[in-house]
Amino acid sequence: MTANPLRFARRTLFARGSWSEASRVSAILRKETVGGAVLLVAAAVALVWANTPWSASYYALRDLQVGGEPLGLHLNLALGAWAADGLLAVFFFVVGLELKREFVAGDLRDATRAVLPIAAAVGGMVAPALIFVAVTAPLGDGATRGWAIPTATDIAFAVAVLAVISTHLPSALRIFLLTLAVVDDLLAVAVIAVFYTEDIDVVALSATLIPLSLFAVCVQRRIRSWWLLVPLAVATWILMHESGVHATVAGVLLGFAVPVMRSGQAGGPEAGPGLAEHFEHRIRPLSAGVAVPVFAFFAAGVSIGGYRGFTQALADPITLGIVLGLLVGKPVGIFLTTRVLASVTRADLDSAIRWVDVLGIAMLAGIGFTVSLLIGDLAYGAGSDRDEFVKIGVLTGSVCAAALAAVLLRLRNRQYRAIWLQETADSDHDGVPDIYQVGHD
């Protein structure tokens with residue numbers, strides 16, 4: 001009996017996916033590049049303002065109370081809290097849309113492709129969490145409560161770094177980075193809901209199902225009327241906020257409710273855009289260009305206190321745990337998980353990819369900003385002394401991770417350019433437009 005040679009074929013990691021998927025990811029990364037630039041500017045302005053003689057005006061603006069308590073609802077929040085609870089819900093709505101799109105119609109609907117970024121995301125959360133706990137455990141007094149701070153990846157910040165260094169990163173690695181970050185965000189939401197929710201109002205949480213279900217029914221019937229969908233989404237957010245579960249969870253649930261495919265279509269990258277893609281096209285610019293930068297503006301402002309204050313902050317176990325978690329734990333967790341997965345499955349890297357490229361992406365994933373700052377607020381309380389250490393740790397760890405990743409990826413840019421030229425030549429040959437120049441020349 002002749003053996004089937006395909007049965008013994010070795011799997012390939014980071015193999016080139018479909019052209020439609022690469023095109024979609026490239027379009028997303030172009031938008032995230034712009035959003036990342038705005039994010040960096042907003043964070044820089046906040047950091048500079050908080051360290052000037054006029055810093056009191058920054059904190060006064062951040063802590064300005066806006067809203068009220070209609071019908072007994074607790075909506076009298078500071079502007080910083082509105083940004084963290086409200087605007088980030090828009091960001092997580094886009095995360096929900098993107099994650100569902102990946103697993104319903106993207107290349108990752110194939111379980112063999114989905115395993116890698118999911119496993120890497122888990123490894124990239126476990127390693128920095130363990131490092132943070134090991135460093136802060138001797139401190140006591142609830143210091144380990146911030147274990148999840150260095151576990152998040154900021155895709156907008158990471159893509160902005162790619163744009164600045166102008167690297168021709170292969171499409172397979174771009175898809176891996178984007179998917180890794182999206183799964184990372186989903187896991188972060190689960191962590192927030194499970195570990196950073198203290199008191200739950202069961203009645204309010206149960207009532208959340210009413211507007212959420214109505215929203216789901218409307219979008220499943222392809223209703224696009226904003227005058228109907230927006231009030232249902234806002235009602236879902238308000239009730240989730242009242243329940244004690246962080247309100248950003250509502251954004252992910254609303255995103256999951258939106259159908260990906262057109263009515264009557266089977267899944268797959270060629271099936272055509274559905275309502276999820278329509279919403280993502282409309283809302284991603286609002287998320288990347290407004291919601292995340294405004295949150296960053298209110299979250300990144302921290303008084304460093306000069307060189308002496310900065311060095312004292314870095315000596316604190318919380319700051320040190322975050323820096324080591326982002327700079328060491330994140331890349332080590334992602335890289336080792338990928339290597340172990342390749343060994344266990346006896347898979348080979350694509351011929352165009354080297355392990356040093358995977359290490360560069362793993363370092364880039366050590367840029368934690370938006371979600372890291374959010375978890376820091378939840379862990380220690382906004383405005384607390386430890387919250388200041390969190391901000392310094394997140395900013396320092398993210399900048400160092402970005403610098404190391406930039407150096408490593410830039411050194412490989414000549415090889416990336418050769419791969420990019422081959423990919424674009426193949427796309428021209430197949431009649432597919434050039435989609436790979438994302439932030440390049």
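One table, with the values for the structure above:
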| read-out | value |
| --- | --- |
| Verdict on Asp154 being surrounded by fewer than 23 Cβ atoms within 10 Å (Cβ to Cβ) and of a type in the set (Asp, Glu) | no |
| Unique match (being assigned to a helix (DSSP H, G or I) and at pLDDT 85 or above) among Gly333, Gly309 | Gly333 |
| Enumeration of residues in region 238-268 that are crowded, with 19+ Cβ neighbours inside 10 Å, at pLDDT below 90 and small (Gly, Ala, Ser) | Ala247 |
| Selection count where residues are free of Cβ contacts under 8 Å to residues at least 60 places away in the same chain and of a type in the set (Val, Ile, Thr), scope region 35-64 | 2 |
| Residue in region 77-98 that is more than 21 Å from Val292 (Cβ to Cβ) and either surrounded by fewer than 20 Cβ atoms within 10 Å (Cβ to Cβ) or in contact with a Ser or Thr (Cβ under 6 Å, 6 or more places away or on another chain) (or both) present | no |
| Filtered residue count, region 194-221, keeping only those that are closer than 30 Å to Trp147 by Cβ and among the aromatic types (Phe, Trp, Tyr) | 2 |
| Of all residues making up region 110-142, the number that are open to solvent by 50 Å² or more (accessible area, probe 1.4 Å) and under 20 Å from the mean Cα position of the chain (by Cα) | 5 |
| Qualifying positions in region 65-113 - touching a residue at least 40 places away in the same chain (Cβ under 8 Å) and in a loop (DSSP other than H, G, I, E, B) | Leu73, His74, Leu75, Ala105, Gly106 |
| Arg386 being farther than 22 Å from Val159 by Cβ and open to solvent by 30 Å² or more (accessible area, probe 1.4 Å) | yes |
| Exclusive hit being touching a residue at least 24 places away in the same chain (Cβ under 8 Å), over 21 Å from Val260 (Cα atoms), of a type in the set (A, V, I, L, M, F, W, C) and outside any helix (DSSP H, G or I), set Val159, Val164, Val245, Val191 | Val245 |
| Matching residues, region 194-208, being open to solvent by less than 60 Å² (accessible area, probe 1.4 Å) and not in a helix (DSSP H, G or I) | Tyr196, Thr197, Thr208 |
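For every residue, the table says whether it meets (1) in contact (Cβ under 8 Å) with a residue 24 or more places away in the chain; (2) open to solvent by less than 40 Å² (accessible area, probe 1.4 Å); (3) touching a Pro at 6+ places or on another chain (Cβ under 6 Å).
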{"site": "Phe310", "(1), (2), (3)": "yes, no, no"}
{"site": "Val332", "(1), (2), (3)": "yes, no, no"}
{"site": "Ala347", "(1), (2), (3)": "yes, yes, no"}
{"site": "Trp355", "(1), (2), (3)": "no, no, no"}
{"site": "Lys391", "(1), (2), (3)": "yes, yes, no"}
{"site": "Cys400", "(1), (2), (3)": "yes, no, no"}
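The values are calculated or read from the model by the stated rules, or taken from the named source; none is laboratory data. What you see is a predicted model, and the numbers here were worked out from it, not measured in a lab. Using ideal geometry, Cβ is built from the backbone for each residue, glycine included, and neighbour counts are taken over all protein chains shown. Just so you know, the surface numbers come from the protein's heavy atoms only, side chains and all, with ligands and any DNA or RNA stripped out. Shrake-Rupley method; radii C 1.70, N 1.55, O 1.52, S 1.80 Å.
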